[in-house]
Amino acid sequence: MENVNGTSHILDELNTQDLLHGNVQILHHFMSSLKSQALRCACGLGIPAALHRLGGSATLAGLLDETGLHPSKLPYLRRLMRALTVSGIFATAKHKQQSPAATEGNSSDSETVYTLTPASRLLVGDGPSSTMSALLNPRPETGFAMFFKLEEWFRDDGGAGTLFKMAHGVTSPWDLAKVDADYNRGLNKACVADTSFVMDIILRGRGGDVFRGLTSLVDVGGGYGSAAVAIARAFPDVKCTVMDLQQVISEAPDDGVVQFVAGDMFEFVPPAQATFFKNVLDCWNHEDCVKILQQCKKAIPTRDAGGKVIIINVVVGHGPDNIAVKETQVFYDMYMMSISGIEREEHEWRKIFLEAGFSDYRITPILGYQSIIEVFP
Ligand SMILES: C[S@@+](CC[C@H](N)C(=O)[O-])C[C@H]1O[C@@H](n2cnc3c(N)ncnc32)[C@H](O)[C@@H]1O
């Protein structure tokens, strides 16, 4: 007999185990939206920083006190911390002291000690390690909220433009940054936070080898220049230049370590032995990437003379073989869909390189979900 949805025959095809597994999988996906809200909330309340100030671990009462929350919120704080502990953002240490209730198997919240994990350590403070500040945008309406319109966007015939345009009235973040000074500053600062973190990882490991022996480099779409400054400091023989749009360059802090040039990479890329792109080419479609790389080809010498393009971006399918990396790559790609950007698989990158006139490339997947790609003329 069919139920009101007419689905009984579908359910009959599945055994109980499959039904329950499917049910939890759907709920798990649906509830995942709350994962990011819980994370945003914990950061907004300053929980990672509070734990850090308290020496890396604290009881709920200690956390409540340190974050200045009202005592009535204690039971809710426990639930927030439990959710974020199950999902790996925080951890619990052994109870300091086992109360009789705890030994009987009942929870004893006042005794549970919450600790930072490698993930939540990245959320402490505003320093270079707070890479996630890029994603924990203080203005949600300019970030993930636009995805509530994703279905509407799919149903549109193309006339509405990008999802970003549907939400903000302009096609891309750079268009919004031109007219909204606050957004411009927020965007550039988020890029600095992420870039400081990523460059630190690159330069402390073998990733730094890609800059060895270079005499000059242009960081194209280099924002406030934090990547170029890091490279120039690590390799003083490399003359570094940052190129970006006028609205970015005019605000970039210039301490004389690198040279800043305002311009449009579709029209011109300043000459150098290498051009560098960090999180730039994934913002553009295939044809635009070919145009940008054709400008680079004009700007650099031959391979024999050390000419190359260095790209930091996702290569979907490369990197550690775990679900967190795989999902981050493909959901990052969905995020980039909102501005007509794309996270590419290797064959998609290869097609761009060959069309732009390059002959060879090398992918070094040493940045977690991202890779370093060297492209040779
Ligand atoms: C996602 S941000 C990456 C910034 C920086 N590379 C980083 O990773 O921190 C992309 C950058 O490309 C710049 N950009 C956008 N269109 C550009 C253009 N036509 N010419 C030069 N830069 C451009 C933006 O202003 C922005 O700084």
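Remarks
- Loop sites in region 162-224: trypsin sites (Lys or Arg not before Pro), DSSP, at most 16 other Cβ within 10 Å: 212
- Taking every protein chain into account, the accessible area of the chain amounts to 54 square angstrom per residue (probe 1.4 Å).
- 27 Å Cα-Cα reach of residue 165 towards lysines, excluding residues that sit fewer than 8 places from it in its own chain: 35, 149, 178, 189, 278, 291
- Net charge of Cβ neighbours under 10 Å - reference residue 280; Lys, Arg +1; Asp, Glu -1: -2
- Candidate aspartates and glutamates - alpha carbon under 16 Å from residue 73, same-chain residues fewer than 8 apart omitted: 65, 109
- Cβ-derived FRET efficiency at R0 35 Å, residue 374 paired with residue 326, nearest 0.05: 0.90
- Rounded percent of accessible protein surface that carbon and sulfur make up, the chain, 1.4 Å probe: 56
- Counting Lys and Arg as +1 and Asp and Glu as -1 over every other residue whose Cβ lies under 13 Å from the Cβ of residue 88, the net charge comes to +3.
- Region 60-95: trypsin sites (Lys or Arg not before Pro) falling in loop per DSSP and having at most 16 other Cβ within 10 Å: 94
- Heavy-atom accessible area for residue 231, with the other protein chains in place and a 1.4 Å probe, reaches approximately 0 Å².
- Distance between region 352-377 and region 218-270 - C-alpha centres, whole angstrom: 21
- Reach of residue 298 by Cα under 13 Å, taken over aspartates and glutamates that are not fewer than 8 positions away in the same chain: 267
- Accessible surface of residue 13 - all protein chains present, 1.4 Å probe, nearest 10 Å²: 140
- DSSP-defined antiparallel bridges as percent of all bridges, region 131-376, nearest 5: 35
The values are calculated or read from the model by the stated rules, or taken from the named source; none is laboratory data. Treat the numbers as computed from the prediction; the structure is a model and nothing was measured. Glycine also receives a Cβ, built like all others from the backbone with ideal geometry; neighbour counts cover every protein chain displayed. SASA here: full protein model, heavy atoms, side chains in, ligands and nucleic acids out. Shrake-Rupley method; radii C 1.70, N 1.55, O 1.52, S 1.80 Å.
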